[in-house]
C-alpha cells in the first residue's frame, strides 16, 4: 500500500470518530440572565426573579430608564415561585419563549427574609448546577426583597443588577464578593461567612433634567451569617472597612480624624494598607494583637497647622494612630459579644500557630473567640500633604507654623 493510500484510509477512519456541532444553542434561542434574585414568600416557598437581557435594545437604552422592554429598556424582569431553586427555574421557563441561560449571571441578590431564614435551601442547587459560576457575586437586600431590588432602574447602567459591583469597587477598592468566597468562609473551621448588602432608598422625585426614578439603591453594610447560614446581624459601612483592614483585604479608605493640636480635622486617603495578626496562648487564655499599617496622603486639612512643619505632621500621625485602634477595637468587640461570629480570620491565625491546641478547642471556638482579648495597634504614616502645607482660608496670624 502506498503512502498516499495509507493517509487516505487514516483520514477516513478519523472522520468516523468526528462529530458535528449537535448541541449548539443559537443566541436567538437563549434568554440571557445577568441578574438573579431569591426570596422567601409567606408560604415558605422560594421566589426567583431574573433580569433578562434584551440584546437588540441595549445599544439604544442608555441608562436603565423606566417602562417596559418595548419602550427601549435593555432588560425585563421575570419571576416564578417554587419549592426549590430548581423548581422556580422550571416554572419560570413556562413563561419564556427562549431557554433560560444563566451561565453569564453576574449578580445574585437575596432578600433579607430568606437570608435570615437560612440559605441552605438554595446553596445545594447553586453548588451542583454547572451553569452557576462560582465567580458570581452575591448581595443581601437590606429590609426588602430581591424582586423589588431587581425591578428598580439605575440611570448609569444598562443592566441595573451590575451597578452594585461597580459601587462596591469605588467605595472600598474591592469588587469581589463571590459565591466561591462565601462557600470557603462558610465551610472553614472557626470562620463565619459574610455578604455585602444593598439598600433601596428614595431618590429625588423631580430634578432640573426632568422626571427621574423615585427609588434607587446603594451598597451599605455587610450581613453576618452563623454556621447554619442564617443571617444574624450586619455591619455598618465603617465596620465593613475595619473588617477588610484586619483581614488584610482593604485597598482604599479615607480616614477623617480630629487633631487636638490643630483644633480641627484632617482627611487621610490611605494606600498600602496591611495587617498582621499575632495570637498568643497564655495558659488557657487566648490573646490577639493586631498590627495595622498604611501610608497615604492628606487630602483635606481643616486644622490651623502648617503641615510642612515635621512636628505638626507628627501630630497628625499621632491622631491617626490613636483613633484607628479605638475604632477597630469597637468593631471587633461588637461582633465578638453580640454575634460570637469570627469574621476577621482570628481562628485561622490561631490554627496556624497552635495546630495541636486548635484540635482541642475548634468545636468550641465560638465561645473561645467571644472571650478572647484583642489589642489593636496602628502605624500610619503620611508621605504627602498635597500642594500646600497650611489651610489657605486662614489668615497668617491664625496659623501654627
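Where a number appears in this text, it was derived from the coordinates with a stated rule and is not lab data. Note that the coordinates shown come from a computational prediction; the quantities given were computed from them, not determined experimentally. All Cβ positions, even for glycine, are placed from backbone atoms using ideal geometry, and neighbour counts span all protein chains on display.
Fully extended, how many nm does the chain gain between residue 178 and residue 203 (0.36 nm per residue separation, minus their Cα-Cα distance)?
6.1 nm
Fewest first, what order do 318, 241 take by the number of other Cβ atoms within 10 Å?
Details: 318 15, 241 25.
The order, fewest Cβ neighbours first, is 318, 241.
Need one number: % antiparallel among DSSP beta bridges in segment 27-235, to the nearest 5.
65 percent
May I ask you to derive the FRET efficiency for residue 379 and residue 135 from their Cβ-Cβ distance with R0 = 41 Å, giving the value to the nearest 0.05?
Details: r = 35 Å, r/R0 = 0.85.
Efficiency for this residue pair is about 0.75.
Mind giving me the nanometre distance, one decimal, between the label points for residue 299 and residue 329, set 7 Å out from Cα along Cα→Cβ?
2.8 nm
If you take the beta carbon distance between residue 215 and residue 169 as r and set R0 to 25 Å, what does 1/(1 + (r/R0)^6) give as a FRET efficiency, to the nearest 0.05?
For residue 215 and residue 169, the calculated efficiency is 0.65.
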